[in-house]
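See below for the structure under consideration.
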Amino acid sequence: MGRIRYGLSNLHYAVATEAAGGALTYDEPAAIPGAKSMAFSPAGTSFTESADNTSWYTLNTNDGYTGTITFEDTAAADAFLLEVLGQKADNKGFTVEKANDEPKEFALAGQFELAGGTEVGKRVWFLRCVASRPDINGNTKEVGSMAVDTNTVNITIMPRISDNSVKYQSTSDQSAYGAWFTAVPTETTL
């Protein structure tokens, strides 16, 4: 019997700090309520060497992923963007964006629902991410209808330098699933 994947929930992030040798340590994961979508495409190249009038050898590189996450406009979303974009908040309640803000690397997690098999969910951690500033948009409220504007953030996911890991994932029938959002998996996890 086949299974299907649907839905997105439990969006989390954890800011990364680089240690000696490029190993990353992570802060405690924090939730970003209001997940709407996650869409990532593989990044990398494909190289084919031809010989004897045929494809002799093909090499595919894994440079991670690029794509977007979309989430509702909440205080937790503001905290996420402030932290990972390297912006500052002053003592009067202003968030200040500067041209020389230094974004921070972070891990990103989410959960998909599954149906049609023995598993009910799949969880993923992307281990080394960088976010770009989101678009700023808003629309007038039309008489008789209303459109909701959300945050869409471009994310670049790269291999972790110390061990080349890009992502970890687990389904609900595996032991790692239960404590998934308590800590980011590290090299010593496996």
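Some observations on this one:
- Gained length - residue 46 relative to residue 161, 0.36 nm times residue gap less alpha-carbon distance: 39.3 nm
- Environment charge at residue 115 (Cβ cut-off 12 Å; Lys +1, Arg +1, Asp -1, Glu -1): +1
- Considering only 7, 66, 19, the residue lying farthest towards the positive end of the dipole of the chain is 7, judged by Cα position with unit charges set on Cβ.
- Per-pair calculated FRET efficiency, R0 = 45 Å: residue 53 and residue 82 via Cβ, rounded to 0.05: 0.20
- Extension gain from residue 5 to residue 136, taking 0.36 nm per residue of separation minus the Cα-Cα distance: 44.1 nm
- In terms of other Cβ atoms within 10 Å, 157, 4, 69 run from fewest to most in the order 4, 157, 69.
- Relative packing of 125-131, 107-113, which averages over residues the other C-beta atoms within 10 Å, highest first: 125-131, 107-113
- Against the main long axis of the alpha-carbon atoms of the chain, helix 75-85 sits at an angle near 60°.
- The relative contact order of region 12-161, computed from alpha carbon pairs under 8 Å that lie at least 6 residues apart in sequence, is 25 percent.
- Euclidean distance of C-alpha centroids, region 138-179 and region 29-92, integer Å: 9 Å
- Partners of residue 88 within straight-line reach, counting lysines whose Cα lies under 22 Å from its Cα and excluding those fewer than 8 residues away in the same chain: 98, 104.
- Exposure proxy order (Cβ contacts within 10 Å, fewest to most) of 96, 143: 143, 96
- For residue 122, the lysines whose Cα falls under 25 Å of its own Cα, not counting residues fewer than eight places away in the same chain, are 36, 167.
Taken together, the values in this text are just the output of simple stated rules run on the coordinates, not laboratory data. Quick caveat, the model's predicted, so the values are computed rather than measured. Cβ coordinates were reconstructed from backbone atoms using ideal geometry, including for glycine residues, and neighbour counts include every protein chain displayed.
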